[in-house]
Amino acid sequence: MKVSRFFSGLVLAALSAFTFVACDDDSYVYYYPSSANALVTVKPIDNGNFCMQLDDSTVVFPYNMKKSPYGDKEVRALANLTPVAGVNDPNANYMRYVVVNWIDSILTKKAVQYPADGDITKYGNDPIEIVRDWVNIAEDGYLTLRFRTRWGNGGVAHYVNLLTGVNPDDPYEVEFKHNAYGDVNGVMGDALVAFNLDSLPDTKGKTVKLTLKYKSFSGEKSIQFDYCSRKSTSSSTANVERAVYSSRIK
C-alpha cells in the first residue's frame with residue numbers, strides 16, 4: 001500500500017472516526033466508521049503482542065489492543081485505523097501507533113505447488129470473476145483477491161486455492177482454482193482471500209510481473225500484478241466493503 005495515500009486516508013479517519021451527536025441531555029453518541037481504510041498483514045511478536053505491516057517499510061502498532069485477535073497466526077486483514085495524537089514521533093516518516101477501530105481477518109492460505117502427477121481434480125474448475133477493487137494486490141508477500149461467484153446452499157463451503165508451478169517457463173505464473181462442490185446455481189456474491197507467495201522464487205529486490213490465470217464465467221482470463229518478494233506494489237484510496245460470502249470459503 002502506498003504510504004502517502006494510506007496516511008491521507010488516516011487523516012480523514014482521524015477526523016471522522018467518531019461522530020459526536022448532541023442530545024437534549026448534552027450526552028454524546030459514539031459512532032465507529034464502517035469502511036476499511038487499510039489492508040494489513042497482522043504479524044505476531046513477543047508475548048502475544050502484534051504489529052500491522054502496511055508495506056515494505058511501514059509498520060504500525062495497536063495503541064488499544066495488547067493481544068492479537070488471531071493468536072500466533074500471521075494473517076491478512078481489513079481494518080479501520082486512526083492515528084493516535086501525541087504518541088507518534090514527529091520526526092519519523094510514518095505513524096507508529098494507531099487505534100484499531102475494527103479489524104476483520106481475511107482467509108489466508110499458502111499457495112499450492114502444482115502436483116507432479118498433474119491431477120488437480122480436487123481443486124475444481126468452477127468459474128469466478130475477479131472484482132475490480134483496491135484490495136486486489138500483490139503486497140508484503142501475499143496476493144490478496146476479491147472474487148465473485150454463485151452461492152446457493154448455505155451449508156456448502158467453497159474450496160479456493162492458488163496453484164504455483166503451472167508454467168515451467170515462468171515461475172511467476174499462478175492459477176486460481178475454485179471448487180464449489182456443486183453449489184453453482186445461487187446468487188452472485190463476493191468473498192476475499194489472501195494467498196501466501198513465499199514458495200515463489202525470491203525476486204531479489206526486483207519487481208516482476210505476476211500472472212494470475214483463472215476461469216471466468218465467460219472463459220479463461222488472466223491478470224498481471226507487479227510483484228516483488230515481501231514488498232508492496234500498488235494500491236488505491238477507495239473504500240472496500242466486507243465481502244459477505246468470505247465465511248463460506250476454505
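The values are calculated or read from the model by the stated rules, or taken from the named source; none is laboratory data. Quantities reported herein were computed from a predicted structural model and do not represent experimental measurements. Here Cβ is always computed from backbone atoms with ideal geometry, including for glycine, and neighbour counts include all displayed protein chains. Areas reflect the complete protein model, heavy atoms only, side chains present, ligands, DNA and RNA absent. Shrake-Rupley method; radii C 1.70, N 1.55, O 1.52, S 1.80 Å.
Scan the range 140-147 and tell me whether some residue there is open to solvent by 40 Å² or more (accessible area, probe 1.4 Å), touching a residue at least 12 places away in the same chain (Cβ under 8 Å), within 30 Å of residue 205 (Cα to Cα) and polar (S, T, N, Q). Steps first, answer last, please.
Within the range 140-147, the first condition is being open to solvent by 40 Å² or more (accessible area, probe 1.4 Å), and the residues that meet it are none.
No; the residues of the range 140-147 include none that is open to solvent by 40 Å² or more (accessible area, probe 1.4 Å), touching a residue at least 12 places away in the same chain (Cβ under 8 Å), within 30 Å of residue 205 (Cα to Cα) and polar (S, T, N, Q).
With the structure loaded, tell me whether residue 31 is modelled with pLDDT of 95 or more and either within 30 Å of residue 158 (Cβ to Cβ) or surrounded by fewer than 16 Cβ atoms within 10 Å (Cβ to Cβ) (or both) or whether it fails that test. Give the steps one after another, and end with the answer.
Working: modelled with pLDDT of 95 or more: no; either within 30 Å of residue 158 (Cβ to Cβ) or surrounded by fewer than 16 Cβ atoms within 10 Å (Cβ to Cβ) (or both): yes.
Against the criterion (modelled with pLDDT of 95 or more and either within 30 Å of residue 158 (Cβ to Cβ) or surrounded by fewer than 16 Cβ atoms within 10 Å (Cβ to Cβ) (or both)), residue 31 does not qualify.
Given (1) modelled with pLDDT of 95 or more; (2) outside any strand (DSSP E or B); (3) aromatic (Phe, Trp, Tyr), where does residue 94 come up short, assuming only one miss?
Of (1) modelled with pLDDT of 95 or more; (2) outside any strand (DSSP E or B); (3) aromatic (Phe, Trp, Tyr), only one is false for residue 94: (1).
How many residues are outside any strand (DSSP E or B) and either within 10 Å of residue 245 (Cα to Cα) or touching a Lys or Arg at 6+ places or on another chain (Cβ under 7 Å) (or both) when one looks only at the range 147-162? Full working, then the answer.
Here is the first cut: in the range 147-162, the residues outside any strand (DSSP E or B) are 152-157.
Subset that is either within 10 Å of residue 245 (Cα to Cα) or touching a Lys or Arg at 6+ places or on another chain (Cβ under 7 Å) (or both): 154, 157.
Selection size over the range 147-162: 2.
Run residue 122 past the list (1) part of a loop (DSSP other than H, G, I, E, B); (2) more than 27 Å from residue 53 (Cβ to Cβ); (3) of a type in the set (Lys, Arg) and report the number of the one that doesn't hold.
Failing condition for residue 122: (1).
Could we say that residue 21 is at pLDDT 80 or above and either out of contact with any helix residue (DSSP H, G or I) (no Cβ under 9 Å at 6 or more places or on another chain) or surrounded by fewer than 16 Cβ atoms within 10 Å (Cβ to Cβ) (or both) here?
On the way: at pLDDT 80 or above: no; either out of contact with any helix residue (DSSP H, G or I) (no Cβ under 9 Å at 6 or more places or on another chain) or surrounded by fewer than 16 Cβ atoms within 10 Å (Cβ to Cβ) (or both): yes.
The answer is no for residue 21.
Do the conditions hold for residue 204, that is, is it modelled with pLDDT under 95 and exposed (fewer than 15 other Cβ atoms within 10 Å of the Cβ)? Reasoning before the result, please.
Numbers: modelled with pLDDT under 95: yes; exposed (fewer than 15 other Cβ atoms within 10 Å of the Cβ): yes.
It is true that residue 204 is modelled with pLDDT under 95 and exposed (fewer than 15 other Cβ atoms within 10 Å of the Cβ).
Can you pull out the residues in the range 46-78 that are touching a residue at least 24 places away in the same chain (Cβ under 8 Å), in a strand (DSSP E or B) and more than 15 Å from residue 194 (Cα to Cα)?
Scanning the range 46-78 gives 52, 59, 60, 61, 62.
Cβ contacts < 6 Å: first residue open to solvent by 40 Å² or more (accessible area, probe 1.4 Å), restricted to the range 119-136; second residue of a type in the set (S, T, N, Q) and not in a loop (DSSP other than H, G, I, E, B), any location; separation 6+ or different chain. Result?
Sorted first by the residue in the range 119-136, then by its partner, the pairs are 129/216.
Just checking, which of 100, 84, 60 is open to solvent by less than 50 Å² (accessible area, probe 1.4 Å) and at pLDDT 95 or above? Can you show your working first?
Numbers: 84 fails: at pLDDT 95 or above; 60 fails: at pLDDT 95 or above.
Going through 100, 84, 60 in turn, the sole match is 100.
Quick one: residue 186 ticks every box in (1) more than 21 Å from residue 39 (Cα to Cα); (2) modelled with pLDDT of 95 or more except a single one, so which number is it?
Of everything listed in (1) more than 21 Å from residue 39 (Cα to Cα); (2) modelled with pLDDT of 95 or more, residue 186 misses just condition (2).
In the range 168-220, which residues are in contact (Cβ under 8 Å) with a residue 12 or more places away in the chain, of a type in the set (D, E, K, R) and assigned to a strand (DSSP E or B)? Before the answer, list the steps.
Looking only at the range 168-220, we keep the residues that are in contact (Cβ under 8 Å) with a residue 12 or more places away in the chain, and these are 170-217.
Next, only the ones that are of a type in the set (D, E, K, R) stay: 170, 173, 175, 177, 183, 190, 198, 202, 204, 206, 209, 213, 215.
Of everything in the range 168-220, those that are in contact (Cβ under 8 Å) with a residue 12 or more places away in the chain, of a type in the set (D, E, K, R) and assigned to a strand (DSSP E or B) turn out to be 173, 175, 177, 190, 209, 213, 215.
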